[in-house]
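Notes to accompany the following structure.
The values are calculated or read from the model by the stated rules, or taken from the named source; none is laboratory data. Computed from a predicted model, the values in this text were never measured in an experiment. In this analysis, Cβ positions are derived from the backbone assuming ideal geometry, glycine residues included, and neighbour counts consider all displayed protein chains. Ligands, DNA and RNA are excluded from the accessible area calculation, which covers all protein heavy atoms including side chains. Shrake-Rupley method; radii C 1.70, N 1.55, O 1.52, S 1.80 Å.
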Amino acid sequence: MGVAGVTDVLTLAHDPMRMSTADVLLDHFHKLAHEEVRRGAENGVSVHVGLGVHPRSINAQVDETLRALPEYLSHPDVVAVGEIGLERCTDVEERVFRAQLEIEYYPKVIHTPRRGKRDALERIVAIVDDVGVKDVVIDHIDPSTVDIALEAGTYVGITVQPGKASVQDAVDLIKEYPEAKFVVNSDISAQRSDCLSVARVLHALSVEGYADRGQKACVQNGLDLFLR
Ligand SMILES: [Zn+2]
(Lines give C-alpha, C1' and ligand atoms only; values in the text may rest on other atoms or scores of the structure.)
Protein backbone atom coordinates (compact mmCIF):
# COMPACT_ATOMS: atom_id res chain seq x y z
CA MET A 1 0.00 0.00 0.00
CA GLY A 2 2.86 2.34 0.77
CA VAL A 3 4.34 1.71 -2.70
CA ALA A 4 0.94 2.58 -4.28
CA GLY A 5 0.98 5.98 -2.55
CA VAL A 6 -1.34 5.14 0.34
CA THR A 7 -0.31 7.31 3.29
CA ASP A 8 -3.13 6.64 5.77
CA VAL A 9 -5.24 3.60 6.51
CA LEU A 10 -8.31 3.17 8.67
CA THR A 11 -8.68 -0.33 10.07
CA LEU A 12 -11.92 -1.30 11.77
CA ALA A 13 -12.79 -3.84 14.42
CA HIS A 14 -13.97 -7.22 13.26
CA ASP A 15 -12.22 -10.52 13.00
CA PRO A 16 -14.01 -13.75 12.01
CA MET A 17 -12.33 -15.63 14.88
CA ARG A 18 -14.72 -16.93 17.53
CA MET A 19 -15.40 -14.09 19.97
CA SER A 20 -16.26 -16.47 22.78
CA THR A 21 -15.85 -13.99 25.65
CA ALA A 22 -15.66 -10.23 26.19
CA ASP A 23 -11.90 -10.56 26.71
CA VAL A 24 -11.32 -12.04 23.23
CA LEU A 25 -12.96 -9.02 21.63
CA LEU A 26 -11.12 -6.58 23.91
CA ASP A 27 -7.83 -8.30 23.01
CA HIS A 28 -8.75 -7.81 19.34
CA PHE A 29 -9.25 -4.07 20.05
CA HIS A 30 -5.86 -4.00 21.77
CA LYS A 31 -4.19 -5.68 18.79
CA LEU A 32 -5.63 -3.14 16.35
CA ALA A 33 -4.65 -0.12 18.44
CA HIS A 34 -1.11 -1.35 19.12
CA GLU A 35 0.18 -4.07 16.77
CA GLU A 36 -1.51 -2.86 13.59
CA VAL A 37 -0.44 0.74 14.17
CA ARG A 38 3.15 -0.43 14.64
CA ARG A 39 3.01 -2.70 11.57
CA GLY A 40 1.83 0.23 9.44
CA ALA A 41 4.48 2.59 10.80
CA GLU A 42 7.20 0.06 9.91
CA ASN A 43 6.00 0.27 6.29
CA GLY A 44 5.53 4.04 6.07
CA VAL A 45 1.74 3.91 6.36
CA SER A 46 -0.12 5.67 9.19
CA VAL A 47 -2.72 3.30 10.59
CA HIS A 48 -5.76 4.77 12.33
CA VAL A 49 -8.25 2.61 14.14
CA GLY A 50 -12.01 2.28 14.56
CA LEU A 51 -13.36 0.13 17.37
CA GLY A 52 -16.80 -1.26 18.04
CA VAL A 53 -18.84 -4.43 18.35
CA HIS A 54 -19.56 -5.77 14.85
CA PRO A 55 -22.91 -7.60 14.69
CA ARG A 56 -21.08 -10.86 13.99
CA SER A 57 -18.95 -10.38 17.12
CA ILE A 58 -21.86 -10.25 19.56
CA ASN A 59 -21.59 -12.85 22.33
CA ALA A 60 -23.26 -13.46 25.70
CA GLN A 61 -20.88 -10.97 27.37
CA VAL A 62 -21.54 -8.12 24.95
CA ASP A 63 -22.61 -5.73 27.69
CA GLU A 64 -19.21 -6.10 29.34
CA THR A 65 -17.56 -5.15 26.03
CA LEU A 66 -19.88 -2.17 25.60
CA ARG A 67 -18.98 -0.93 29.09
CA ALA A 68 -15.25 -1.19 28.30
CA LEU A 69 -15.50 0.37 24.82
CA PRO A 70 -15.34 4.11 25.79
CA GLU A 71 -11.97 3.62 27.49
CA TYR A 72 -10.56 1.93 24.35
CA LEU A 73 -11.95 4.77 22.20
CA SER A 74 -9.77 7.23 24.12
CA HIS A 75 -6.57 5.62 22.73
CA PRO A 76 -4.63 8.23 20.65
CA ASP A 77 -4.73 6.24 17.39
CA VAL A 78 -8.46 5.52 17.61
CA VAL A 79 -10.48 7.91 15.44
CA ALA A 80 -13.86 6.21 14.91
CA VAL A 81 -16.49 3.79 16.17
CA GLY A 82 -16.84 0.79 13.87
CA GLU A 83 -17.74 -1.46 12.38
CA ILE A 84 -21.13 -1.47 14.00
CA GLY A 85 -24.41 -2.34 12.28
CA LEU A 86 -26.71 -5.20 11.46
CA GLU A 87 -26.11 -8.63 9.93
CA ARG A 88 -29.30 -10.65 10.50
CA CYS A 89 -31.40 -7.86 12.07
CA THR A 90 -32.06 -9.76 15.31
CA ASP A 91 -33.27 -7.96 18.43
CA VAL A 92 -29.90 -8.23 20.14
CA GLU A 93 -28.11 -6.87 17.04
CA GLU A 94 -30.45 -3.88 17.00
CA ARG A 95 -29.94 -3.23 20.71
CA VAL A 96 -26.12 -3.37 20.41
CA PHE A 97 -26.15 -1.21 17.26
CA ARG A 98 -28.36 1.42 18.86
CA ALA A 99 -26.26 1.48 22.05
CA GLN A 100 -23.15 2.23 19.98
CA LEU A 101 -24.86 4.86 17.86
CA GLU A 102 -25.71 6.64 21.11
CA ILE A 103 -22.06 6.82 22.27
CA GLU A 104 -20.93 10.45 22.06
CA TYR A 105 -18.02 9.68 19.75
CA TYR A 106 -17.86 10.35 15.99
CA PRO A 107 -17.54 9.43 13.22
CA LYS A 108 -18.95 5.91 13.05
CA VAL A 109 -18.76 3.27 10.31
CA ILE A 110 -21.84 1.14 9.77
CA HIS A 111 -21.69 -2.36 8.27
CA THR A 112 -24.41 -3.64 5.94
CA PRO A 113 -24.59 -7.40 5.28
CA ARG A 114 -23.96 -9.30 2.04
CA ARG A 115 -27.29 -11.12 2.35
CA GLY A 116 -30.58 -9.24 2.63
CA LYS A 117 -28.72 -5.96 2.18
CA ARG A 118 -31.71 -3.84 1.14
CA ASP A 119 -33.86 -4.93 4.09
CA ALA A 120 -31.03 -4.50 6.59
CA LEU A 121 -30.12 -1.12 5.07
CA GLU A 122 -33.68 0.15 5.39
CA ARG A 123 -33.67 -0.91 9.04
CA ILE A 124 -30.26 0.75 9.60
CA VAL A 125 -31.39 4.04 8.02
CA ALA A 126 -34.52 4.04 10.19
CA ILE A 127 -32.46 3.53 13.36
CA VAL A 128 -29.86 6.15 12.32
CA ASP A 129 -32.70 8.63 11.68
CA ASP A 130 -34.30 7.76 14.99
CA VAL A 131 -31.08 8.31 16.95
CA GLY A 132 -30.41 11.43 14.86
CA VAL A 133 -26.78 11.02 13.80
CA LYS A 134 -25.33 12.17 10.46
CA ASP A 135 -21.57 11.85 10.93
CA VAL A 136 -21.57 8.23 9.82
CA VAL A 137 -20.48 6.15 6.84
CA ILE A 138 -23.02 3.57 5.76
CA ASP A 139 -20.65 1.05 4.24
CA HIS A 140 -20.54 -1.74 1.65
CA ILE A 141 -23.04 0.09 -0.58
CA ASP A 142 -23.25 -1.10 -4.18
CA PRO A 143 -25.30 -0.17 -7.26
CA SER A 144 -28.28 -2.20 -5.96
CA THR A 145 -28.53 -0.24 -2.68
CA VAL A 146 -27.13 3.21 -3.46
CA ASP A 147 -30.61 4.79 -3.74
CA ILE A 148 -31.46 4.09 -0.09
CA ALA A 149 -28.03 5.14 1.18
CA LEU A 150 -28.04 8.44 -0.73
CA GLU A 151 -31.44 9.33 0.68
CA ALA A 152 -30.07 8.93 4.21
CA GLY A 153 -27.80 11.96 3.61
CA THR A 154 -24.79 10.34 5.29
CA TYR A 155 -21.40 9.43 3.88
CA VAL A 156 -21.74 6.41 1.60
CA GLY A 157 -19.03 3.74 1.69
CA ILE A 158 -18.23 1.76 -1.46
CA THR A 159 -16.28 -1.39 -0.64
CA VAL A 160 -14.26 -2.55 -3.63
CA GLN A 161 -13.57 -6.19 -2.90
CA PRO A 162 -14.31 -9.48 -4.71
CA GLY A 163 -17.96 -10.30 -3.92
CA LYS A 164 -18.82 -6.65 -3.18
CA ALA A 165 -18.46 -3.70 -5.58
CA SER A 166 -15.98 -3.86 -8.48
CA VAL A 167 -13.62 -1.06 -9.52
CA GLN A 168 -16.00 -0.35 -12.43
CA ASP A 169 -19.03 -0.22 -10.07
CA ALA A 170 -17.25 2.39 -7.96
CA VAL A 171 -16.19 4.41 -11.03
CA ASP A 172 -19.76 4.36 -12.38
CA LEU A 173 -21.32 5.40 -9.05
CA ILE A 174 -18.86 8.26 -8.56
CA LYS A 175 -19.49 9.50 -12.13
CA GLU A 176 -23.28 9.18 -11.77
CA TYR A 177 -23.71 10.95 -8.41
CA PRO A 178 -21.41 14.01 -8.30
CA GLU A 179 -23.00 15.39 -5.12
CA ALA A 180 -22.72 12.20 -3.06
CA LYS A 181 -20.22 11.94 -0.21
CA PHE A 182 -18.60 8.65 -1.18
CA VAL A 183 -15.81 6.98 0.78
CA VAL A 184 -14.15 4.24 -1.29
CA ASN A 185 -12.55 1.49 0.76
CA SER A 186 -10.96 -1.93 0.32
CA ASP A 187 -12.29 -3.59 3.50
CA ILE A 188 -9.28 -5.91 3.60
CA SER A 189 -10.61 -8.90 5.48
CA ALA A 190 -10.46 -12.66 5.86
CA GLN A 191 -12.44 -12.83 2.60
CA ARG A 192 -10.63 -12.39 -0.72
CA SER A 193 -9.34 -8.82 -0.65
CA ASP A 194 -7.35 -6.34 -2.71
CA CYS A 195 -5.29 -3.89 -0.66
CA LEU A 196 -4.81 -1.74 -3.80
CA SER A 197 -8.48 -1.38 -4.70
CA VAL A 198 -8.78 2.25 -3.56
CA ALA A 199 -5.67 3.14 -5.57
CA ARG A 200 -7.18 1.32 -8.58
CA VAL A 201 -10.44 3.33 -8.39
CA LEU A 202 -8.51 6.60 -8.09
CA HIS A 203 -6.32 5.62 -11.05
CA ALA A 204 -9.30 4.54 -13.21
CA LEU A 205 -11.14 7.81 -12.52
CA SER A 206 -8.02 9.85 -13.30
CA VAL A 207 -7.57 8.02 -16.62
CA GLU A 208 -11.21 8.79 -17.51
CA GLY A 209 -10.77 12.48 -16.72
CA TYR A 210 -12.45 12.48 -13.30
CA ALA A 211 -9.36 13.00 -11.16
CA ASP A 212 -11.07 15.60 -8.93
CA ARG A 213 -14.00 13.34 -8.08
CA GLY A 214 -11.60 10.45 -7.55
CA GLN A 215 -9.50 12.52 -5.18
CA LYS A 216 -12.62 13.38 -3.20
CA ALA A 217 -14.07 9.87 -2.97
CA CYS A 218 -10.80 7.97 -2.55
CA VAL A 219 -8.81 10.42 -0.40
CA GLN A 220 -10.31 13.70 0.78
CA ASN A 221 -13.67 12.59 2.15
CA GLY A 222 -11.93 10.01 4.32
CA LEU A 223 -9.39 12.54 5.55
CA ASP A 224 -12.14 15.11 6.28
CA LEU A 225 -14.24 12.62 8.17
CA PHE A 226 -11.63 10.65 10.12
CA LEU A 227 -8.58 12.89 10.48
CA ARG A 228 -9.84 16.47 10.69
ZN1 LIG B 1 -18.55 -4.90 7.23
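Under 5 Å between amide hydrogens, built in the peptide plane, is the criterion, and for Thr112 it picks out Asp139 among residues at least 5 positions away or on other chains. Length, then width, then depth: along the principal axes, the Cα atoms of the chain run 51, 41, 31 Å. Once the Cβ-Cβ distance of Arg98 and Asp27 is raised to the sixth power relative to R0 = 30 Å, the FRET efficiency obtained is 0.75.
R0 = 41 Å: FRET efficiency of Tyr177 with Thr7, Cβ-based, nearest 0.05? Computed FRET efficiency for Tyr177 and Thr7: 0.95. Each helix, a run of at least 4 DSSP H residues, gives -39500 (n - 2.57); summed and divided by the residues of the chain, these come to -11500 deg cm²/dmol at 222 nm.
Taking amide H positions as modeled 1.01 Å from N, with prolines and chain starts lacking one, the residues under 5 Å from Val183 and 5 or more places away or on another chain are Val156, Gly157, Ile158. Taken per residue, the accessible surface of the chain reaches 48 Å², heavy atoms only and a 1.4 Å probe.
By definition, a body whose alpha carbon gyration tensor gives a ≥ b ≥ c is rounded when a/c is under 1.5, and the stretch 139-228 falls into this rounded group.
The residue among Pro107, Val47, Leu86 whose Cα reaches farthest toward the positive pole of the charge dipole of the chain, with charges on the beta-carbon of Lys, Arg, Asp and Glu, is Val47.
Of the trypsin sites (Lys or Arg not before Pro) found in the stretch 50-145, the ones in coil according to DSSP and having at most 10 other Cβ atoms within 10 Å of their Cβ are Arg115.
Place a +1 charge on the Cβ of each Lys and Arg in the stretch 82-228 and a -1 charge on the Cβ of each Asp and Glu, then give the dipole magnitude about the Cα centre in debye, rounded to the nearest 20.
Computed about the Cα centre, the dipole is about 360 debye.
Span-like helix criteria (full DSSP H runs; alpha carbon extent of at least 18 Å along the helix axis; mean Kyte-Doolittle hydropathy of at least 0.0) are satisfied in the chain by 117-131.
Loop by DSSP (not H, G, I, E, B), at most 14 other beta-carbon atoms within 10 Å: where is the longest site-free stretch of the chain for GluC sites (Glu not before Pro)? So the longest stretch without any such site is 105-178.
From the P(r) of the stretch 79-173, can you give the percent of Cα pairs sitting at distances over 18 Å? Kindly include the intermediate steps, with their values, before the conclusion.
On the way: 1781 of 4465 pairs.
Here the long-distance tail beyond 18 Å is 40 percent of all Cα pairs in the stretch 79-173.
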